[in-house]
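Participant: I'd like to ask you about the structure that follows.
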Amino acid sequence: MLNEERIILMTKLASYENSEGKKDKAVGNFFRSDYVGVQVLWSIVCAAIAFVICFALYILYDFEAFMGDIYKIDLFVFAQNVLTWFLVSVLGYGLISYVVYSVKYAKAKKSQKNYYNNLKKLSGMYDERD
């Protein structure tokens, strides 16, 4: 005889396995500090590359005026301002990445825990029948 509650639970578990379960498994294979650390490091590298590209585009946008003003500006102050903006943007992006990936890790772990609890519940349903 078919148990309707068991079929619903198995369908829910199969749906999870085929959709977000794959992503959660990839996240859940790491310790929290390892997963978040690697993702934040990767985000910082990408933010640094993006800053360099944007800065180069900013300079190249009006390169003639920049070269004309190069002797009028204090290069030390200019470099200090660029470095300050670089650090603010990269560290800000790193902080945002830390929060985002920490939340993502917590949600993945919670989903995995719910999945394993449902597996135990399904196993219990089979044990009750016997």
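Participant: Within the set of pairs 6 or more residues apart or between chains, which connect a residue that is surrounded by 11 or more Cβ atoms within 10 Å (Cβ to Cβ) inside region 75-94 to a residue that is of a type in the set (Ser, Thr, Tyr) and in a helix (DSSP H, G or I) with Cβ atoms less than 8 Å apart?
Facilitator: Partner pairs satisfying both residue conditions: 93/43; 94/43.
Residue-by-condition table, conditions (1) surrounded by fewer than 13 Cβ atoms within 10 Å (Cβ to Cβ); (2) of a type outside the set (Asp, Glu); (3) within 19 Å of residue 106 (Cα to Cα):
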{"site": "9", "(1), (2), (3)": "no, yes, no"}
{"site": "19", "(1), (2), (3)": "yes, yes, yes"}
{"site": "22", "(1), (2), (3)": "yes, yes, yes"}
{"site": "32", "(1), (2), (3)": "no, yes, yes"}
{"site": "35", "(1), (2), (3)": "no, yes, yes"}
{"site": "40", "(1), (2), (3)": "no, yes, yes"}
{"site": "49", "(1), (2), (3)": "yes, yes, no"}
{"site": "55", "(1), (2), (3)": "no, yes, no"}
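Participant: Restricting to region 1-49, what's the tally of residues that are over 30 Å from residue 118 (Cβ atoms), of a type in the set (A, V, I, L, M, F, W, C) and under 17 Å from the mean Cα position of the chain (by Cα)?
Facilitator: Initial filter on region 1-49 (over 30 Å from residue 118 (Cβ atoms)): 37, 40-49.
Next cut, of a type in the set (A, V, I, L, M, F, W, C) only: 40-42, 44-49.
Right, trim to under 17 Å from the mean Cα position of the chain (by Cα) and you get 40-42, 44-48.
Within region 1-49, residues that are over 30 Å from residue 118 (Cβ atoms), of a type in the set (A, V, I, L, M, F, W, C) and under 17 Å from the mean Cα position of the chain (by Cα) number 8.
Participant: Okay, next question. Can you run down the residue pairs with Cβ atoms below 8 Å, 6 or more apart or on separate chains, where the first is in region 3-16 and over 14 Å from residue 128 (Cβ atoms) and the partner is surrounded by 15 or more Cβ atoms within 10 Å (Cβ to Cβ) and of a type outside the set (A, V, I, L, M, F, W, C)?
Facilitator: 12/118; 13/115; 13/118; 16/111; 16/115
Participant: Would you call residue 49 in a helix (DSSP H, G or I), β-branched (Val, Ile, Thr), in contact with a Phe, Trp or Tyr (Cβ under 7 Å, 6 or more places away or on another chain) and free of Cβ contacts under 8 Å to residues at least 12 places away in the same chain? Walk me through how you get there before you give the answer.
Facilitator: Working: in a helix (DSSP H, G or I): yes; β-branched (Val, Ile, Thr): yes; in contact with a Phe, Trp or Tyr (Cβ under 7 Å, 6 or more places away or on another chain): no; free of Cβ contacts under 8 Å to residues at least 12 places away in the same chain: yes.
Against the criterion (in a helix (DSSP H, G or I), β-branched (Val, Ile, Thr), in contact with a Phe, Trp or Tyr (Cβ under 7 Å, 6 or more places away or on another chain) and free of Cβ contacts under 8 Å to residues at least 12 places away in the same chain), residue 49 does not qualify.
Participant: Has region 82-93 got at least one residue that is over 18 Å from residue 34 (Cα atoms), aromatic (Phe, Trp, Tyr) and within 20 Å of the chain's Cα centre (by Cα)? Walk me through it before giving the result.
Facilitator: Initially, region 82-93 is screened for residues over 18 Å from residue 34 (Cα atoms), giving 82-93.
Filter once more, so that each one left must be aromatic (Phe, Trp, Tyr): 85-86, 93.
Keeping just the survivors that are within 20 Å of the chain's Cα centre (by Cα) gives 93.
Within region 82-93, one or more residues are over 18 Å from residue 34 (Cα atoms), aromatic (Phe, Trp, Tyr) and within 20 Å of the chain's Cα centre (by Cα).
Participant: Also, quick follow-up: Quick one: residue 73 ticks every box in (1) assigned to a helix (DSSP H, G or I); (2) modelled with pLDDT under 95 bar one, so which box is it?
Facilitator: With (1) assigned to a helix (DSSP H, G or I); (2) modelled with pLDDT under 95 applied to residue 73, the lone miss is (1).
Participant: Scan region 95-108 for residues that are loosely packed, with under 14 Cβ neighbours inside 10 Å and either of a type outside the set (D, E, K, R) or not in a helix (DSSP H, G or I) (or both) and jot them down.
Facilitator: Of region 95-108, the ones loosely packed, with under 14 Cβ neighbours inside 10 Å are 95-96, 99, 103, 106-107.
Across region 95-108, the qualifying residues are 95, 96, 99, 103, 106.
Participant: What do you reckon, is residue 111 under 30 Å from residue 5 (Cβ atoms), under 31 Å from the mean Cα position of the chain (by Cα), assigned to a helix (DSSP H, G or I) and among the small types (Gly, Ala, Ser)?
Facilitator: Considered against the rule, which asks whether it is under 30 Å from residue 5 (Cβ atoms), under 31 Å from the mean Cα position of the chain (by Cα), assigned to a helix (DSSP H, G or I) and among the small types (Gly, Ala, Ser), residue 111 comes out as yes.
The values are calculated or read from the model by the stated rules, or taken from the named source; none is laboratory data. Values in this document were obtained by computation on a predicted structure and should not be read as measured data. Here the Cβ is made from the backbone with ideal geometry for all residues, glycine too, and neighbour counts use every protein chain on show.
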